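Chemist: Have a look at the structure that comes next, please.
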Amino acid sequence: MKKRGIIISFEGIDGCGKSTQAKLFCKYLDKKGLDYVFLNEPGGTYTGEKIRKILLDSKNNICPLTELFLYLASRSQLVEELIRPYIKKGKIVVLDRYIDSTTAYQGYGRGIPLKLIRYIHNLLLRDSLPDITFLIDAPAKELLSVLKNKKRDRIEKESVEFQKKVRDGYLHIARHEKKRIRVIKRKTVLLTHKEIIKKWERFIDGYK
Ligand code: TYD
């Protein structure tokens, strides 16, 4: 493996099962005896967790630009405090959501100019861009039933139209970044996991 670590991110709209898949992927890394760290966004640091609380509290009325800057503030902290140091040490970093969430939700979902988001990400990330991203894809309508069964946070309470815009956004990003993003059609938990592992093994064979 190359000296610099690897950043792996899991993405997808609310209810797609991305967190379950990220955790199963970590179990797979455990079995392989690989050293990794698992982080989730927003949050992951002391300051980031405080920002997360503001972002997900349904009682908060947050305008789109405030929302954007809060997600970016949480990310900035995570990159500086944890991701960059880990990557320098050659670790594998597994992320439950990362940069594509902001492009999809705040960019395509809320309509904030993509140029602005790209500009800030370039400033923020430099050497900490994801190496491979698994996008778990499913129609927004199909996932509504999943969300109905849980206590929904501020973003999850958004309309199905909003989630549709976010999904289309994700697919748009994936079409433009074919090398990095692997689109995985959501199936059963096990089948989706197998598909992810297949794609990961192909990626890592070419990486060594
Ligand atoms: P979380 O509880 O982590 O949900 P999930 O299990 O779906 O990841 O909440 C994160 C929410 O924040 C989710 O609805 C997506 C949203 N989000 C953005 O809108 N922009 C972002 O940049 C990030 C990281 C998340």
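The values are calculated or read from the model by the stated rules, or taken from the named source; none is laboratory data. Keep in mind it's a predicted model, so treat the numbers as computed, not measured. In this analysis, Cβ positions are derived from the backbone assuming ideal geometry, glycine residues included, and neighbour counts consider all displayed protein chains. Protein only, heavy atoms only, side chains kept; ligands, DNA and RNA dropped before computing areas. Shrake-Rupley method; radii C 1.70, N 1.55, O 1.52, S 1.80 Å.
Chemist: Across the range 101-107, in residue order, what do the Karplus-derived ³J(HN,Hα) couplings come to in whole Hz, using 6.51 cos²θ - 1.76 cosθ + 1.60 with θ = phi - 60° and x for Gly and Pro?
Modeler: Couplings: 4, 5, 4, 6, 7, 7, x Hz.
Chemist: Over 19 Å apart: what share of the alpha carbon pairs of the range 119-208 falls there, rounded to a whole percent? Numbers along the way, then the final one.
Modeler: Values: 2220 of 4005 pairs.
When all Cα pairs of the range 119-208 are counted, 55 percent exceed 19 Å.
Chemist: Classify the range 1-110 as rounded, prolate or oblate, taking a ≥ b ≥ c as the square roots of the eigenvalues of its Cα gyration tensor: rounded when a/c is under 1.5, otherwise prolate if a/b is larger than b/c and oblate if not. Could the numbers behind the result be given before it?
Modeler: On the way: a/c = 2.19, a/b = 1.66, b/c = 1.32.
It is prolate, given that a/c is not under 1.5 and a/b is the larger ratio.
Chemist: Mind jotting down the distance between the C-alpha centroids of the range 1-33 and the range 165-199, whole Å?
Modeler: 13
Chemist: How about the range 11-46: which trypsin sites (Lys or Arg not before Pro) there lie in a loop by DSSP and see at most 14 other Cβ atoms within 10 Å? Walk me through the numbers before you get to the answer.
Modeler: Details: sites: 18, 23, 27, 31, 32; in loops: 32.
Those that pass, being in a loop and sparsely packed, are 32.
Chemist: Now a separate question. Can you work out the Karplus-derived ³J(HN,Hα) for every residue in the range 188-201? Use 6.51 cos²θ - 1.76 cosθ + 1.60 with θ = phi - 60°, whole Hz, and x for glycine or proline.
Modeler: These are the phi-based 3J(HN,Hα) values: 6, 4, 5, 5, 5, 4, 4, 5, 5, 5, 4, 5, 5, 5 Hz.
Chemist: Quick one: grab the alpha carbon gyration tensor of the chain, order the square roots of its eigenvalues as a ≥ b ≥ c, and give me rounded if a/c is under 1.5, else prolate or oblate depending on whether a/b is larger than b/c. Intermediate results must be reported in sequence, preceding the final value.
Modeler: On the way: a/c = 1.57, a/b = 1.21, b/c = 1.30.
It comes out oblate by the Cα gyration axes.
Chemist: To continue, here is another question. Using a 1.4 Å probe over the heavy atoms of the protein chains, calculate the carbon and sulfur portion of the accessible area of the range 6-207 as a whole percent.
Modeler: Carbon-and-sulfur percentage of accessible area, whole number: 55.
Chemist: Would you calculate the separation in nanometres between label points at residue 180 and residue 23, each defined as 7 Å from the Cα along the Cα-to-beta-carbon direction?
Modeler: Label at residue 180, label at residue 23, 2.7 nm between them.
Chemist: Related question: For residue 88, give me every one of the aspartates and glutamates with a C-alpha distance below 18 angstrom, ignoring sequence neighbours fewer than eight places off in its own chain.
Modeler: Residue 88 reaches 35, 80, 127, 131.
Chemist: To the nearest 500 deg cm²/dmol, what mean residue ellipticity at 222 nm is calculated for the chain from DSSP H runs of n ≥ 4 alone, each contributing -39,500 (n - 2.57), summed and divided by the residues?
Modeler: Values: 9 runs with 106 residues, N = 208.
Mean residue ellipticity, 222 nm, calculated: -15500 deg cm²/dmol.
Chemist: Another question, then. At residue 145 and residue 30, where each label point lies 7 Å from the Cα along Cα→Cβ, what is the point-to-point distance in nanometres?
Modeler: 3.1
Chemist: Just to confirm, what accessible area per residue do you get for the chain at 1.4 Å probe, in whole Å²?
Modeler: On a per-residue basis, 52 Å².
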